[in-house]
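Enquirer: Quick one: structure below, then a few questions.
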């Protein structure tokens, strides 16, 4: 077989092509038009994207998911009725999901629905928590004790905390970004967060316990660098809080995970997930710690969901899952394709689940660790995103950290500017959202007849402008 491959090495018969030769051919086609105007583009962060790249010399792969291991297929659990929620939990686990994301009402990923505060026990009835599945909890200020309730459930079942895989998802700063309300000043809240984390660790749970969630920025229309910078600033805030509670930095960093949005911009999503790991390594090195892979979760993007042409969402989700998987996500959750219409039914949830299973089992996407390492476009975009995000992160740090930057509106103002630019580009047709601004195909698709959650006001000692989630398609849809 090896000899056959050698016989087919046709490229060796031709002299190597050069950039100068390619550029000469391109200039002939452009007929005097500027190369930079016609063949390069700019990301939302004003990063230049070239049409062609050479392989990056001496590039190394980024440590992340164990080589050859699949990412975890996570199922979103967000039905407001606990019994209906339990039925979906059991169905998801029986049909290919490797983990569950429990989403209380008011969490970043709830999008108008979510579990009631006291529903965890009933939602997980009949689930063997020590059977190798992952339970990830999203944080909601309307269910502040959900993490402790989940821990108590494990102990009531007389399970060893070290034998269950639970990500507790504590994220008060993410909730502050979403709702614009914080129950106490951060300098008072940080020790309480750290004490909760320390108590869970002392009870034997492995964690991670806190999550730095960039989705609030992405959902509100922010750029890739803004999402990365916000997540990094939140993680550093949590790291400081945990260390101040007497936990060594090496242990503290392992108590924190990350969560990012994955959208249909394939190259930028791959680069963003790779950049997150490199940025966190930079923080670790600044703390005199040897780099260690961090848990990185992904969810497909809310802001690109269309309500009228729902089937286009399946295509976007497929690209997003591919990109997050190639970029090194440890787990992925897919928004069902009807989510913009209402609470998805079982068919939409099945499509969301099987999107991942097909890419894992049929396409084998996860079999190579960091497959874009060394490719020119990936290394270039990853490096540019790292530099842009690090500069924004330093701005947040200079303002006093994530909590103060949110309180002052610094993060919100920058996200609003980016969102406005996106909206104007779509309106002017300089950009396109398939199924909304281009090729809309109205389709009536069923969703569950479930009312959206209604919230009472949150008590707040500190207020800020909320990073409200948007769907970019909304202005182009039927009333």
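Enquirer: For residue 287 and residue 36 in the same chain, what is the full-extension length gain: residue separation times 0.36 nm, less their Cα-Cα distance, in nm?
Expert: Working: separation 251, 0.36 × 251 = 90.36 nm, distance 4.06 nm.
Length gained, residue 287 through residue 36: 86.3 nm.
Enquirer: Using a 10 Å cut-off around each Cβ, can you sort 350, 55, 65 from fewest to most neighbouring Cβ atoms? Write out the running numbers ahead of the final one.
Expert: On the way: 350 17, 55 9, 65 21.
Fewest-to-most Cβ neighbours within 10 Å comes out as 55, 350, 65.
Enquirer: While we're here: Using all alpha carbons of the range 434-479, what is the percent of pairwise distances in each 5 Å bin, ordered from the shortest bin to the longest?
Expert: For the range 434-479, the pair-distance distribution reads 5, 12, 14, 17, 17, 13, 10, 8, 4, 0.
Enquirer: Still on this model: Quick one: the Cα spread of the chain along its three principal axes, in angstroms, biggest first?
Expert: For the chain, the Cα extents along the three principal axes come out at 71, 56, 55 Å.
Enquirer: Using Cα pairs under 8 angstrom and six or more residues apart, how large is the relative contact order of the chain, in percent? All intermediate terms of the calculation are to be shown ahead of the outcome.
Expert: Numbers: 864 pairs, mean separation 99.2, N = 479.
About 21 percent, as a whole number.
Enquirer: Find the eigenvalues of the gyration tensor of the Cα atoms of the range 337-402, then list the square roots of 5 times those eigenvalues as equivalent ellipsoid semi-axes, largest first, in whole angstrom.
Expert: Working: eigenvalues 236, 114, 16 Å².
Calculated on Cα positions only, the semi-axes equal 34, 24, 9 Å.
Enquirer: Report the label-to-label distance for residue 118 and residue 187 in nanometres (one decimal), using points 7 Å from each Cα along the Cα→Cβ vector.
Expert: Taking the two extended label points, one gets 3.8 nm.
Enquirer: What's the extension gain from residue 429 to residue 23 if we count 0.36 nm per residue and subtract their Cα-Cα distance?
Expert: Details: separation 406, 0.36 × 406 = 146.16 nm, distance 2.92 nm.
143.2 nm is the gain from fully extending residue 429 to residue 23.
Enquirer: Considering all alpha-carbon pairs of the range 330-479, what whole percent are spaced by more than 23 angstrom?
Expert: On the way: 7253 of 11175 pairs.
Tail of the P(r) past 23 Å holds 65 percent of the pairs.
Enquirer: Among 407, 138, which comes first, then next, by fewest other beta-carbon atoms within 10 Å? Could you put the intermediate results ahead of the total?
Expert: Numbers: 407 21, 138 32.
Fewest to most other Cβ atoms nearby, the residues stand as 407, 138.
Enquirer: Additional query: Can you give the extra length, in nm with one decimal, that the chain gains between residue 83 and residue 163 once fully stretched, where that is 0.36 nm per residue apart less the Cα-Cα distance? Let's see the in-between values first.
Expert: Numbers: separation 80, 0.36 × 80 = 28.80 nm, distance 2.62 nm.
That works out to 26.2 nm of additional length.
Enquirer: Calculate, for residue 128 and residue 395, the FRET efficiency according to 1/(1 + (r/R0)^6) with r their C-beta to C-beta distance and R0 60 Å; round to the nearest 0.05. Intermediate results must be reported in sequence, preceding the final value.
Expert: On the way: r = 47 Å, r/R0 = 0.78.
FRET efficiency, residue 128 to residue 395: 0.80.
Enquirer: Under a point spin-label approximation (7 Å from Cα along Cα-to-Cβ), what is the residue 243-residue 156 distance to one decimal in nm?
Expert: 3.9
Enquirer: If a/c stays under 1.5 just call it rounded; otherwise compare a/b with b/c (prolate if a/b is bigger, oblate if not). Do that for the range 247-393, with a ≥ b ≥ c from the square roots of the Cα gyration tensor eigenvalues. Don't skip to the answer; put the middle values down first.
Expert: Numbers: a/c = 1.98, a/b = 1.77, b/c = 1.11.
Because a/c hits 1.5 or more and a/b exceeds b/c, the range 247-393 counts as prolate.
No value in this document is a laboratory result; all are computed from the given coordinates. Bear in mind the structure is a predicted one, so any value in this text is a computation, not a measurement. Glycine also receives a Cβ, built like all others from the backbone with ideal geometry; neighbour counts cover every protein chain displayed.
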